[in-house]
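Please treat every number below as a calculation from the coordinates, not as lab data. Computed from a prediction, not measured in an experiment: that's the story for all the values here. Positions of Cβ are backbone-derived with ideal geometry, glycine not excepted, and every protein chain shown enters the neighbour counts.
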Amino acid sequence: MMEEYLVTAVGYLRLVVEAIGAAVIGFGVLATTYRYVLTLLGLSDYTNNQVRLYLGRYLALGLEFQLGADILGTAVAPTLDDVILLGAIAAIRTVLNFFLSQELERERQQEAAARETSEQRPVPG
């Protein structure tokens, strides 16, 4: 009896965590689109790298929530097939997140180098 409640509770919790992950990604896409449109209209001066970094942060966080939901899904009475599927999903999402993090770090370093260069230039006059 108690095990059934636990399985049901974890199932609902998984849905909530999946929804949070989807909401994080959705919000990130909307917020990034807003920044990009402002740049296109000339109302802001975000670089393409800044826009990509902004979206990348939301994607990385959303992927973490999605992976957490997958882990919750197999946490209660998993079958061997469930564990194998979780392993495959976790591996794919981990690899995606790793490469996304690497790209974000590279973009951050390029942005910092560009800022340093622009700050060191003498002002004509």
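Some observations on this one:
- Only Lys, Arg, Asp and Glu carry charge here, each on its Cβ (+1 for the first two, -1 for the last two); on that basis the chain has a dipole of about 540 debye about its Cα centre.
- Taking other C-beta atoms within 10 angstrom as a stand-in for reagent exposure, VAL24, VAL37 fall in the order VAL37, VAL24, fewest first.
- Stretch gain in nm, segment ALA91-TYR12, where the contour uses 0.36 nm per residue and the Cα spacing is subtracted: 26.0 nm
- As a calculated quantity, the FRET efficiency between SER101 and LEU30 at R0 = 22 Å, using C-beta atoms, amounts to about 0.50.
- Label-zone membership for the range 4-38, site ASP82, 7 angstrom Cα→C-beta point, backbone N under 19 Å: 4-19
- Computed extension gain for ARG108 through GLN120, at 0.36 nm per residue and net of the alpha carbon distance, reaches 2.5 nm.
- For the chain, with +1 on Lys and Arg beta carbons and -1 on Asp and Glu, the positive-most of ALA113, THR32, ASN97 along the dipole: ALA113
- [x] 13.6, 40; [y] 18.3, 53; [z] 20.5, 81, with the label sought being that of the calculated Rg and Dmax of the Cα atoms in Å: [z]
- Each peptide in 65-73, 26-34 receives the mean, over its residues, of other Cβ atoms within 10 Å, and ordering these scores from highest gives 65-73, 26-34.
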